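The structure appears below as C-alpha cells.
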Amino acid sequence: MPTPETTATRHDQHGRYAQVHSVADIHRNLAIVQARIQAACIRVGRDPAQVRLLPVSKTQPDAVVRLAYAAGLRMLGENKPQEALRKWEASQDLSGLHWSVIGHLQTNKAKLVARCAAEFQALDSLRVAEALERRLQAEGRALDVLVQVNTSGEASKYGLEPADVPAFMQALPAFSALRVRGLMTLAMFSSEAERVRQCFIRLRTLREQLRQSVPDGIALDELSMGMSGDFEIAIEEGASVVRVGQALFGARAVPDSHYWPGEAPAHA
C-alpha cells in the first residue's frame, strides 16, 4: 500500500476512461472510486464518511444524468451555469436531484445559478456575491457557497489569491442569502505529485488561519479539492469534498479547452 508521501497522481488517465452506457457501468465505477476514497482515508487515519463524493456530469448527455440518478446519485456537479440550468429543467421529473455549480461564474449568469443550484463552489469576487444576493433575494431562497482560492499561482486558474481571502471573508456576512460553507481549489494539472499536494496543503493551511478571525455565521467546514486524477492526494491533505467526473462517467467527447474556450481549464 502506498504511503501519503508516495501517492501518485492519475492524470495520465485523463481522457482514457471508458464511457458509461448502463447503470451497471456507473455502479462499477462508483465502487472503484469509493475504494480509492477509502484507501486514501485509511492511509491518514480518516473516516471515509468525512469525505463527500460530488459526481461531475459536465458535458455528459442527459441520458447519463438519468443513468446516474438510477444508480442512486442525488447531487451532480456542472461547470457551466447554462448547462446546469438546462439539465435541471430536463430532469424535473427526477425527484430529489440537486445541482452544484463548480465553475467560474460571470455576473450576468448569476440568475441561472440562483434559479437551479443547490450549491455554488466558485465564489471569487464581491461582484459575483452581489449579483447572486440580488437574484437569490428575488427567488426567495438561500444558497450554500464555497470560496474559490487560487492555490497554484497559475494565471489560467480562477479564484482569489490566498492573501486576499481574509478580507473577502470579512465582507461576506453582508450577503444574507449566501451560506458560506468553506473553501474550494483546483490544483495544478501536473504529474508531479508533490506540486499537486502543495496546492491542497495551502488550502488546508489557509482554512486553519482563517478560523482565527472568521466572522460569525461563516462556516469553514468544507474543503472541496481533488478530482479524478488527484483526489487521493486531496483526501490525504484534508478534503471533505472531491469532484469526480471522468472516473465515474467516462472521458468526454471534447477536451475542456474546446468546451470552455477562453476559460481556465477544469479537470474533474
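A short reminder: the numbers here are calculations on the coordinates, not readings from a lab. Not measured: the values here are computed from a predicted model.
Rg to Rh ratio, the chain, alpha-carbon atoms and Kirkwood radius?
0.94
Whole-Hz Karplus ³J(HN,Hα) for the range 219-233, in order, using 6.51 cos²θ - 1.76 cosθ + 1.60 and θ = phi - 60°, x for Gly and Pro?
9, 10, 6, 9, 10, 8, 7, x, 9, 3, x, 8, 5, 5, 5
Normalised by the residues of the range 138-234, what does the relative contact order come to in percent, with Cα pairs under 8 Å and at least six apart? Working shown, then result.
Numbers: 146 pairs, mean separation 30.4, N = 97.
The value is 31 percent.
Report ³J(HN,Hα) in whole Hz for each residue of the range 65-72, in order, from the Karplus equation J = 6.51 cos²θ - 1.76 cosθ + 1.60 where θ = phi - 60°; Gly and Pro get x.
Couplings: 4, 5, 5, 4, 5, 5, 7, x Hz.
Which ³J(HN,Hα) values in Hz, rounded to whole numbers, follow from the phi angles of the range 112-124 under the Karplus curve 6.51 cos²θ - 1.76 cosθ + 1.60, where θ = phi - 60° and Gly and Pro get x?
5, 5, 4, 7, 10, 8, 8, 7, 10, 9, 10, 6, 9
May I ask you to derive the relative contact order of the chain, considering only C-alpha pairs under 8 Å and at least 6 residues apart, and to give it as an integer percent?
Across the chain, relative contact order equals 25 percent.
Mind grabbing the base-10 log of I(q)/I(0) for the range 90-215 at q = 0.14, 0.16 Å⁻¹? Debye formula, identical points on the C-alpha positions, no solvent, two decimal places.
Relative scattering, expressed as log10 I(q)/I(0), comes to -0.64, -0.80.
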